Amino acid sequence: MTSTRPVLRFADVGIDDVPSVGGKGASLGELLRAGIRVPNGFVVTTAAFRQAIEHLDAEGDIVRRIAALDPADAATLAATTAEVRAVVESAPLPADVADAVTASYVELCAESGEHDLPVAVRSSATSEDSADASFAGLQDTYLWVRGAAEVLEQVRRCWASLYSVESVTYRLRRAIPEDDLAMAVVVQRMVDSRSSGVLFTRSPLTGDRSVICLDASWGLGSAVVSGDVTPDSFMVSKVTGEITRRTVATKTTWHQPDPSGSGVVETEVPGQLQDVPSLSDEEIAELVAIARTVEAHYGCPQDIEWAVSRSAAGGENVFLLQSRPETVWAQKDAERAAAAPAARPFDHVLNLLGGKRPSGS
């Protein structure tokens, strides 16, 4: 059942709460329940989104306009989505929603003992992060956001990103109904990342499920996800835990918190770090152990974002920022299964006879 509350804490949600908190929010709550170290936060729910959209579009014109678009008509699609995004971005949040978000942010600051705590504000659509439909990268994420007013602004921008050209085109081509769609927004404490990256619990190149593949670089993981840096790469055997392939890249740029205190900047990695591994073997081993736990919990291969904090105590400095089902090879597996020939009844008779045909056949 979908919650009517405008805000829910990570601790209050799990994988069954996708209708209320989207794929990303549900996964973060589920990871906490599984005992995984996750930076704390809360989710602005789909109920808050629907309330805001109904407030500015009581007649449902936005849904009808988006649903009527032709993905092949690039000009009309671009013009319509730009207009809709502008409307959603500029509309103030309903007062009760704004009050609830502000109160939750203040509570998160108090819990962390830091005024104007830096947070990540990340879109969490209800149709994302499933094994058969991944919206990863199609909606917006804002890093190192400080202050309640800035959080409210980025929540509106995340809502508006549901109507980006890329996101709308994706939905139209996959026939995902607009009526069933809503946007939640994750607000999560930032990790002061020394190193960050992604890992897959099967090879993204071959689909091999006996290995874990990690990409890592210095600073915030946005540099790896966006492709702004060539990361270090490690392949680890799930069976033995041995690092079977190790590639240390020259990492010339990294994403760091803006010295102004809000936002992220891209700067040059200090020379003494550029050719140094961004993860120790001990940190790789810990990430592999966590990844195996997460894969076992969900029962399918995972695509995981992680960070190693430069300020947390050793042994408690590895955090998961997100885990979603791996989609590329899952889709290929599903296609192969669908294409497999159906068993013939006569084959079962042959099996019972040990492969011998009955006499007279």
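Scanning region 195-217 for residues that are over 20 Å from the mean Cα position of the chain (by Cα) and assigned to a strand (DSSP E or B) turns up just one, VAL211. Residues of region 206-247 being in contact with a Phe, Trp or Tyr (Cβ under 6 Å, 6 or more places away or on another chain) and of a type in the set (Phe, Trp, Tyr), which ones? Answer for region 206-247, where residues must be in contact with a Phe, Trp or Tyr (Cβ under 6 Å, 6 or more places away or on another chain) and of a type in the set (Phe, Trp, Tyr): just TRP218. Among the residues of region 87-116, those identified as assigned to a loop (DSSP other than H, G, I, E, B) and within 17 Å of VAL145 (Cβ to Cβ) are LEU93, GLU114, HIS115, ASP116. Entry remark, region 26-78: residues being closer than 27 Å to THR169 by Cα, charged (D, E, K, R) and in a loop (DSSP other than H, G, I, E, B) number 4 in total. Of all residues in region 301-331, those being under 17 Å from the mean Cα position of the chain (by Cα) and part of a strand (DSSP E or B) number 13.
Looking only at residues in region 78-92 that are in contact with a helix residue (DSSP H, G or I) (Cβ under 6 Å, 6 or more places away or on another chain) and either over 17 Å from SER161 (Cβ atoms) or not hydroxyl-bearing (Ser, Thr, Tyr) (or both), the one that is surrounded by the fewest Cβ atoms within 10 Å (Cβ to Cβ) is ALA78.
Here ASP12 fulfils each of the conditions (1) under 16 Å from the mean Cα position of the chain (by Cα); (2) modelled with pLDDT of 95 or more apart from (1).
Residues in region 93-115 that are at pLDDT 95 or above, closer than 29 Å to ALA58 by Cβ and buried (at least 18 other Cβ atoms within 10 Å of the Cβ): VAL97, ALA98, ALA100, VAL101, SER104, TYR105. Applying the set (1) at pLDDT 95 or above; (2) under 27 Å from VAL145 (Cα atoms); (3) charged (D, E, K, R) to ASP281 leaves exactly one unmet item: (2).
The values are calculated or read from the model by the stated rules, or taken from the named source; none is laboratory data. Keep in mind that what you see is a predicted model, and the values were worked out from it rather than measured. So basically every Cβ, Gly included, is an ideal-geometry build from the backbone, and we count neighbours across all protein chains shown.
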